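Worksheet: the structure to be examined is printed underneath.
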Amino acid sequence: MKGFFGHPRGLAICFLTEMWERFSFYGMKALLTLYLAKHFLFSDQASYAVYGAYTALVYVGPVLGGYMADRFLGSRKAVTLGAILLVIGHFGMAFEGVPAVESFAADGTRTIISDPFYLQMFYLSLAFIIIGIGFLKPNISTMVGALYDQNDPRRDAGFTIFYMGINIGAAVASLLCGYLGEVYGWKYGFGLAGFGMLLGLLIFRGGQKYLEGHAEPPSASGLKQKSPIGLNIEHSIYAGAVASIGIAWFLVQSFSLVGNLLWIFSAIVVVGLLYFCFFRCTPVERDRMLVALVLMLFGVLFWALFEQSGTSLTLFADRSVNRDLWGSTIQTSQFQSLNPIFIVVFGSLFAGLWVWLGRRKLEPSTPAKFAFGIIQAGLGFLVLVFGAQFADSSAKVAMIWLVLAYLLHTTGELCLSPVGLSMITKLSVPKIVGLMMGVWFLSTAAAQYIASLIAMATGTHDESGLALSPEAALAGYMDVFKTIGMVGVGTGIVLLLLTPILRKRMHGIH
């Protein structure tokens, strides 16, 4: 195997492993809300609750998985463990059981009858995926960085290639897994996602020699030392991962508990960081840290709006969008491919735009980019509100308006997301950069939870479980979309007005 586009050969292994991992993740994610609503006949609110608990836990996991890899396992063992758990989880999703059935009593009470075994197997499969992502996601990125010397001019380009793999996997997964799942059966869509992850695991294991030893444990002898539970350190971590699956299985069914834990933990972290800022930092360090916290707070709103894609926008597309195109019907889940496709198309354009503006000293600052991202997220929903005025006689909106909404959300993401982690590394006090990275993931987890709360306001069934008329359902979606769209645009404008103040507090960091 020769070099990979002029880069270390190990980049190809990381590229393909992550591409197939993202294929499995986004393939399953595209189907998740639809599966809950159509197979298990969950209400919209219950579907969004499971989705919110799952995605919030997905973003908490990498904090612990990254620590275990850095401190004990090394990236190779952590990624292998994560990939094995993911394969089990994704194949477990393919065992769907008999579809749930509903009945209505004489008084109008709605009853759902489903197989409890397969429902719990579904939750257990989600738990395997949550813990698997926790071990794989942060450490495959670490391995990419380890392939290059700190000053290697190819480093940034290598990460660009790597992230291209993420979006290729996500785009193809939403198209293929979504189509198979909706047209031929859920088990085929989930099963294909499982095969994708299995292929990623095989590629990773088969390409170890190309990683040049960069992914090994920090201390091989340390892993063999005894832990307090009587096993060696390595086996104790594996046992802890299995035990964590049980905890995740419980939490993914407990939306309110996940939210309470997030708020309590977030409050403790914020209070601790504020104490650190005011009593342990120099004035310059304090200002920069406070700006980082403020931007993370604004980032929570962006991701809460952006992540409607997997919840309210999914069921909106299913129920209130005319999906017919040239004699064929676009499957609801396939709209999830728009975001990664737009990133592939426009990602390089935006990167080039920032460079072009930078050479002319016109590049927006990090706070301004955050503001532009939030404004575009809000505009995406207002585009849908505008397009709903032209709904057809069956209260269906033309799909072009949904495509435009996804386009605006993606361009907003390209303004905000690439500078997010960079902002953390630049503004944080060096000795707590790792902690601040964890806080960034925690803020994203909180955004996932808030996104589900927003989606719950868009329910299209009445209190008895009966579906609203198409006209009433569309009106309900538009009321919520108009509100969050205006909040997004307004918040972005406020941040734009605050930008000069924040830039001053950044003390020379752009």
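Magnitude of the charge dipole for the chain, about its Cα centre and with charges confined to Cβ atoms of Lys, Arg (+1) and Asp, Glu (-1), is about 1880 debye. Under the membrane-span-like helix rule (DSSP H runs whose alpha carbons stretch at least 15 Å along the helix axis, mean Kyte-Doolittle hydropathy 1.6 or higher), the chain yields 255-279.
Past 25 Å, Cα to Cα, is the threshold; run Lys361/Lys504; Lys137/Lys209; Lys187/Lys209 against it and keep the listed order.
Lys187/Lys209
Expressed in nm to one decimal, what extension gain is obtained for the pair Glu363 and Val270 from 0.36 nm per residue of sequence separation less their Cα-Cα distance? It would help to have the intermediate numbers written out before the result.
Values: separation 93, 0.36 × 93 = 33.48 nm, distance 3.07 nm.
Gain in length upon complete extension: 30.4 nm.
Heavy-atom accessible surface of Thr314, to the nearest 10 Å², is about 10 Å², with a 1.4 Å probe and all protein chains retained.
For the chain, the relative contact order comes to 23 percent (Cα pairs under 8 Å, sequence separation of at least 6). Straightening the chain between Val345 and Ile501 buys 52.7 nm, computed as 0.36 nm per residue apart minus the Cα-Cα spacing. Given the alternatives (i) 4, 16, 22, 19, 15, 12, 8, 4, 1, 0; (ii) 4, 17, 25, 24, 17, 8, 4, 1, 0, 0; (iii) 4, 18, 29, 28, 15, 5, 1, 0, P(r) over Cα pairs in 10 Å bins from 0, in percent as computed for this entry is given by (iii). First check a/c for segment 192-280, with a ≥ b ≥ c the square roots of the eigenvalues of its C-alpha gyration tensor; if it is under 1.5, answer rounded, and if not, answer prolate when a/b is larger than b/c or oblate otherwise. Verdict is prolate for segment 192-280. Between the alpha-carbon centres of segment 165-208 and segment 83-155 there is a gap of 13 Å.
Among the protein heavy atoms, those of Arg503 account for about 120 Å² of accessible surface (1.4 Å probe, every chain in place). With the Cα gyration tensor of segment 129-247 giving a ≥ b ≥ c as the square roots of its eigenvalues, does the rule (a/c under 1.5 for rounded; else a/b larger than b/c for prolate; else oblate) give rounded, prolate or oblate? Since a/c reaches 1.5 but b/c is at least a/b, the shape of segment 129-247 is classed as oblate.
With each label modelled as a point 7 angstrom along the Cα→C-beta vector, the Asp392-Phe95 pair spans 4.2 nm. Restricting the chymotrypsin sites (Phe, Trp or Tyr not before Pro) of segment 1-77 to loop positions (DSSP other than H, G, I, E, B) with no more than 15 neighbouring Cβ atoms within 10 Å leaves Phe5. Spin-label pair Ser219-Arg154: with each label point 7 Å from Cα along the Cα-Cβ axis, the two points sit 3.4 nm from one another.
Could you check the spin-label model distance between Trp263 and Thr109? Points 7 Å from the Cα along Cα→Cβ, value in nm. Modelled inter-label distance: 3.1 nm. Within the chain, the longest segment free of exposed loop sites, counting GluC sites (Glu not before Pro) that fall outside DSSP classes H, G, I, E and B and have at most 15 other Cβ atoms within 10 Å, spans 213-462. When the chymotrypsin sites (Phe, Trp or Tyr not before Pro) in segment 237-329 are filtered for DSSP coil states and for at most 14 other beta-carbon atoms within 10 Å of their beta-carbon, the remaining sites are Trp326.
Using the Cα gyration tensor of segment 18-91, with a ≥ b ≥ c the square roots of its eigenvalues, what is the shape: rounded (a/c below 1.5), prolate (a/b larger than b/c) or oblate (neither)? Because a/c hits 1.5 or more and a/b exceeds b/c, segment 18-91 counts as prolate.
Provide the net charge surrounding Asp287, with neighbours chosen by a C-beta distance below 10 Å and charges set as Lys +1, Arg +1, Asp -1, Glu -1. Once all neighbours under 10 Å are counted, the net charge is +3. For Asn232, nonlocal amide neighbours, meaning residues 5 or more places apart or on other chains whose placed amide H falls under 5 Å from its own, are Ser227. Less than 14 Å Cβ to Cβ from Ser337, Lys/Arg counted +1 and Asp/Glu -1: what total charge do the surrounding residues give? That works out to +2. If the segment from Ile493 to Val355 were pulled out straight at 0.36 nm per residue, it would be longer than the present Cα-Cα gap by 47.3 nm. Using only the alpha-carbon atoms of segment 353-471 as identical scatterers, what base-10 log of I(q)/I(0) does the Debye formula give at q = 0.10 Å⁻¹? Log10 of I(q)/I(0), two decimals: -0.49.
The values are calculated or read from the model by the stated rules, or taken from the named source; none is laboratory data. Nothing here was measured: the structure is a model prediction, and the numbers come from that model. Heads up, the Cβs are rebuilt from the backbone with ideal geometry, glycines too, and the neighbour counts pull from every protein chain shown. Protein only, heavy atoms only, side chains kept; ligands, DNA and RNA dropped before computing areas. Shrake-Rupley method; radii C 1.70, N 1.55, O 1.52, S 1.80 Å.
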